[in-house]
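The next block holds one structure in the form of structure tokens; read it before the comments.
The values are calculated or read from the model by the stated rules, or taken from the named source; none is laboratory data. From a predicted model like this one, the values you see are computed outputs, not experimental measurements. Virtual Cβ from ideal backbone geometry, glycine too; neighbours counted across all protein chains shown. Note: accessible area is taken over every heavy atom of the protein model, side chains too, but ligands, DNA and RNA are not part of it. Shrake-Rupley method; radii C 1.70, N 1.55, O 1.52, S 1.80 Å.
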Amino acid sequence: MNSEERKPIIVVILFVVVAAVIFGGIALTKNVGKSKKAISAEDAKKSLTKMAKKVSAQKGKQYKSSVEFSDEDNVADELPDISSCEVTVPANTDLYAEIFCSPEKAGTGTDGWLCDMANEFNSEGHEVNGKKVSIQIRNVSSGQGKDYISSGKAVADGFSPSGSMWVSMLNAEGVDTEMAADCLVRNVAGIVIKNNKYKKLVEEYGTIDMKSITEATEEGKLSMGYTNPFTSTSGLNFLACTLQRYDLENPLSDTATNGFKKFQNNVPFVALTTIQMRKAAEKGTLEGFIMEYQSYVKDPALEKNYKFVPYGYIHDNPLAIISSTTEEKKEILRQFGSYCTSDSAQKKAKEVGFNQLKDYKCEYSPVDGVTLKSMQDLYKNNKDGENPIVCVFVADVSGSMGGEPLASLKDSLINSMKYINSENYIGLVSYSTDVTIDVPINKFDLTQQSLFKGSVEHFSEGGGTATFDAIITGLDMIQKQLEATPDAKPLLFVLSDGETNVGYDLREIRDVVKGLSVPIYTIGYNANLDALQQISDINEAASINADTDDIIYQLKTLFNASL
């Protein structure tokens, strides 16, 4: 074979080698920090025991501090300044009305319908009493918007949550409103279920509705999640319908409560956001989760792989006028309500996914605001089903946490204690170069709360950062407690700046964490958020940035949903 004949063969060989290197490199990079195969829970426990012995955590000195909780929530103090919520359409006149608006219509793209309407309205020169007027849109989640207004922390002129349930609750809390529009756009909440699971459920239950979905979840035949009913309209809607499914006449009865507990026993977690639920579904943790049809229909991947099962109350997206605002601003909101309900505006709304599923009707009667608030209280007290939570808080007190990060960590933990149910089992670990068990796990009664608060108050920074050693210690404490309370649900919270320079690393503990299936929620203070997110992603938990004005409110929301 001459040199000319060999050239094509050499080129092919070189191509194969280069391709192997490239794709091999991609595969290796893709799996950095990941295990080659999952290990069993039993093997994970054995490995955990060995690793915990190697860490050899020390016992800390016990401190007590007085616990003084008010019966009243200081919502105004917990909420951040309203400037933390983005103005997505600024006013362009001196006289304007501001609207707190839910994200699915106050965002961008297909989530920006009301912003588009406001921009158009503002460009057309509308007047009230001979003065040019405009609308300002502020993007605020429905539950948080209600809290701002009812607490007096920040009171908008208008309020447009996803559903009128929040307006009813606002009225129940003493805020008078009138309607500029009962319904700006129509949306429908639904449970999206993977195609193969949907087919199996149809074969077993026939009709797929709230009854069959709750039964399938109770029986462990469907793994589904929903969003926090304190902030999410879809979550509050789902809670209200679930309770009515168990007792239509009295959704707050013992029958409804006991049914809800059975259902909750088999719910993996209540998510803070729809994004968290979707990530869990993509990883196979969830077979179904809730979302609005407007989001579902605009996502080709969801439409292809999931069936949409509508449930509950129509999300009517009202425009409520806060009665305390001026008459001129009320008139601006009335004009804007009429503008948004015009034929041309409604046509645009349909183009971005609203105003569809016209034949769907809710099977339940409306629930008043007082009852909705009672439903949230019932959820808070019974969300763990018939089983308590076993949780360890792991706090970073290394040198890198000195100053503001540690001060913020201490404040946020102490101020959020009151949102932890007293029937749950709580422990506390701190770490720097070494790991200290400050408060062994016990029921979170007043004595345990006093020890917890006292230990947090005595935190001081210094030393290296053994984050994963501390996680191993916390998990070991949880596993030992589960031997005494085997039906309890385990959780771990890590409060840190995300850096690690001592002890185990993520690669070494990942298999153990995955095998134990313990969700690890991370809260970052001046943090490497990507590093913390990697820890939370192992078992589909949330990761929160504490360097925001709303950290106390975020932790309240997180603890209400999880503890």
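General remarks:
- Of all residues in segment 363-376 being open to solvent by 40 Å² or more (accessible area, probe 1.4 Å) and in a loop (DSSP other than H, G, I, E, B), the one that is nearest to Phe263 (Cα to Cα): Glu363
- Glu68 meets each of the listed conditions (1) surrounded by fewer than 14 Cβ atoms within 10 Å (Cβ to Cβ); (2) at pLDDT 90 or above; (3) over 30 Å from Ala531 (Cα atoms) apart from (2).
- Residue match in segment 214-234 (condition: within 24 Å of the chain's Cα centre (by Cα), under 21 Å from Ser365 (Cβ atoms), of a type in the set (A, V, I, L, M, F, W, C) and at pLDDT below 95): no
- Taking the criterion of being assigned to a loop (DSSP other than H, G, I, E, B) and either in contact with a Cys (Cβ under 6 Å, 6 or more places away or on another chain) or hydrophobic (A, V, I, L, M, F, W, C) (or both), the residues of segment 449-476 that qualify are Phe459, Ala466.
Residue-by-condition table, conditions (1) touching a strand residue (DSSP E or B) at 6+ places or on another chain (Cβ under 9 Å); (2) not aliphatic (A, V, I, L, M):
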position: Thr93; (1), (2): yes, yes
position: Phe100; (1), (2): yes, yes
position: Ala106; (1), (2): yes, no
position: Trp113; (1), (2): no, yes
position: Val133; (1), (2): yes, no
position: Gly158; (1), (2): yes, yes
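- Members of segment 508-522 found to be touching a residue at least 40 places away in the same chain (Cβ under 8 Å), open to solvent by less than 30 Å² (accessible area, probe 1.4 Å) and not in a loop (DSSP other than H, G, I, E, B), listed by number: Ile509, Val512, Val513, Gly515, Leu516, Ile520, Tyr521
- The residues of segment 523-548 that are open to solvent by less than 40 Å² (accessible area, probe 1.4 Å) and assigned to a loop (DSSP other than H, G, I, E, B), listed by number, are Tyr525, Ala527, Ile538, Asn539, Glu540, Ala541, Ala542, Ala546.
- The residues of segment 233-261 that are open to solvent by 30 Å² or more (accessible area, probe 1.4 Å) and β-branched (Val, Ile, Thr) amount to a single one, Thr255.
- Restricting the first member to segment 441-455 and to residues that are farther than 15 Å from Asn415 by Cα, and the second to residues that are among the aromatic types (Phe, Trp, Tyr) and not in a helix (DSSP H, G or I), the beta-carbon pairs closer than 6 Å and six or more apart or on different chains are Ile441/Tyr425; Lys443/Tyr425.
- Selection status of Lys453, open to solvent by 20 Å² or more (accessible area, probe 1.4 Å) and farther than 18 Å from Ser496 by Cβ: yes
Matching residues to (1) in a strand (DSSP E or B); (2) open to solvent by less than 30 Å² (accessible area, probe 1.4 Å); (3) under 18 Å from Pro161 (Cα atoms):
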| site | (1), (2), (3) |
| --- | --- |
| Ser83 | no, no, no |
| Asn92 | no, no, no |
| Glu104 | no, yes, yes |
| Cys115 | no, yes, yes |
| Asn119 | no, no, no |
| Lys132 | yes, no, no |
| Ile137 | yes, yes, yes |
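- When segment 298-319 is filtered for residues that are closer than 23 Å to Ala156 by Cβ and either open to solvent by 50 Å² or more (accessible area, probe 1.4 Å) or among the acidic types (Asp, Glu) (or both), only Asp316 remains.
- Within segment 230-265, considering residues that are among the acidic types (Asp, Glu) and out of contact with any helix residue (DSSP H, G or I) (no Cβ under 6 Å at 6 or more places or on another chain), the one farthest from Gly369 (Cα to Cα): Asp254
- Single residue of Glu178, Glu127 found to be modelled with pLDDT of 95 or more, closer than 22 Å to His315 by Cβ and open to solvent by 40 Å² or more (accessible area, probe 1.4 Å): Glu178
- Residue in segment 344-352 that is surrounded by fewer than 17 Cβ atoms within 10 Å (Cβ to Cβ) and outside any helix (DSSP H, G or I) present: no
- Scan of segment 210-232 for residues that are within 20 Å of Ser164 (Cβ to Cβ) and open to solvent by 10 Å² or more (accessible area, probe 1.4 Å), ordered by number: Phe230, Thr231, Ser232
- One residue stands out in segment 181-209 among those that are in contact with a His (Cβ under 8 Å, 6 or more places away or on another chain) and under 17 Å from Trp113 (Cβ atoms): the one that is most open to solvent (accessible area, probe 1.4 Å), namely Arg186.
- Only helices (runs of 4 or more DSSP H) whose full extent lies in segment 140-249 are considered here, and the ones with at least 2 residues that are closer than 30 Å to Phe100 by Cβ are 142-151, 165-172, 233-246.
- Segment 71-108: number of residues that are charged (D, E, K, R) and modelled with pLDDT of 90 or more: 5
Residue-wise test of (1) assigned to a helix (DSSP H, G or I); (2) modelled with pLDDT of 95 or more; (3) open to solvent by 30 Å² or more (accessible area, probe 1.4 Å).
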{"residue": "Ile321", "(1), (2), (3)": "no, yes, no"}
{"residue": "Asp359", "(1), (2), (3)": "no, no, yes"}
{"residue": "Leu378", "(1), (2), (3)": "yes, no, no"}
{"residue": "Val390", "(1), (2), (3)": "no, no, no"}
{"residue": "Lys410", "(1), (2), (3)": "yes, no, yes"}
{"residue": "Asn421", "(1), (2), (3)": "no, no, no"}
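- Residue within segment 509-516 that is over 27 Å from Asn442 (Cβ atoms) and at pLDDT below 85 present: no
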